1. Between the helical axis of 164-183 and the dominant principal axis of the chain, each derived from Cα atoms, what acute angle in degrees is found, rounded to the nearest 10?
2. On alpha carbon coordinates alone, what is the Rg over Rh value for region 96-157, Rh being the Kirkwood radius?
3. How tilted is helix 87-103 with respect to the longest principal axis of the chain? Cα atoms for both, answer in degrees (0 to 90, nearest 10).
4. Calculate how steeply helix 3-12 sits against the longest principal axis of the alpha-carbon atoms of the chain, using the helix alpha-carbon long axis, and give the answer as 0 to 90 degrees to the nearest 10.
5. Could you point to the label whose value was computed as semi-axes √(5λ) of the Cα gyration tensor in Å for the structure here, given (i) 20, 20, 16; (ii) 41, 22, 17; (iii) 25, 17, 15?
6. Sorted by average packing, counted as other Cβ atoms within 10 angstrom per residue and highest first, what order do 161-169, 44-52, 30-38, 74-82 take?
7. Hey, got the dipole for the chain? About the Cα centre, +1 on K and R Cβ, -1 on D and E Cβ, debye to the nearest 20?
8. Quick check on the chain: helices-only [θ] at 222 nm, where DSSP H runs of length 4 and up contribute -39,500 (n - 2.57) each and the sum goes over total residues. Nearest 500, please.
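No lab work stands behind these numbers, since they all come straight from the coordinates. Small disclaimer: the values here were computed from a predicted structure and weren't measured. Here the Cβ is made from the backbone with ideal geometry for all residues, glycine too, and neighbour counts use every protein chain on show.
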Amino acid sequence: MRALPLALMLLLSPTLALAHGTHDLGTFAHGAAHPLGGLDHVLAMLAVGLLAAQAGGRALWAMPLGFVGAMLAGGALGFVGVTLPAVEPMILASIVILGVLAALATRLPLAATLPMIALFGLAHGWAHGAEGPATGMVLYAAGFALATAALHAAGIAMGRSLSALTTRSLGGAAALAGLALALV
């Protein structure tokens with residue numbers, strides 16, 4: 001139950017609007033700050049963890065690993081200047097869709113869920129890479145990958161330690177917050 005106040009603080013914190021500022025230093029800390037500094041990223045990554053906890057089994061590692069792997073690929077694409085269409089709408093859609101799936105405790109087959117999660121990870125990673133430093137991308141990428149994995153782990157911990165109703169409520173809150181961010 002200790003995770004609930006933390007989750008609510010993250011959901012309600014007005015200082016975590018969007019992470020898309022300037023990250024001109026190629027350091028591990030700046031890389032970690034990007035996903036942790038924006039509610040759009042925090043919500044999506046916690047939702048991946050909630051979904052993985054609800055699905056259990058192989059999903060506990062496959063969903064977070066699929067997201068982080070695709071995120072690193074997206075980061076590389078963004079860093080080298082490859083343009084991806086509709087990245088910001090995709091990031092916002094990831095919050096809403098993943099939140100709704102968690103709210104409904106939807107258990108899609110892993111073979112259907114992983115490509116969707118990877119697509120969302122690609123979009124989040126592209127934002128990290130495109131807004132990343134001109135040099136020092138390896139340390140920066142390590143920072144955002146580890147911070148993302150930590151957010152996934154927090155979502156898994158919440159999903160495994162809280163009641164099913166509370167976990168579903170957090171998914172719903174994430175989806176509503178994603179809709180609110182889309183309107184901002």
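1. That helix lies at roughly 40 degrees to the long axis.
2. 1.05
3. Relative to the chain, helix 87-103 is tipped by roughly 20 degrees.
4. 60
5. Of the listed options (i) 20, 20, 16; (ii) 41, 22, 17; (iii) 25, 17, 15, (iii) comes from this structure.
6. Per-residue mean Cβ counts within 10 Å order the peptides as 44-52, 30-38, 74-82, 161-169.
7. Here the chain has a charge dipole of around 620 debye.
8. It comes out at -26000 deg cm²/dmol, rounded to the nearest 500.
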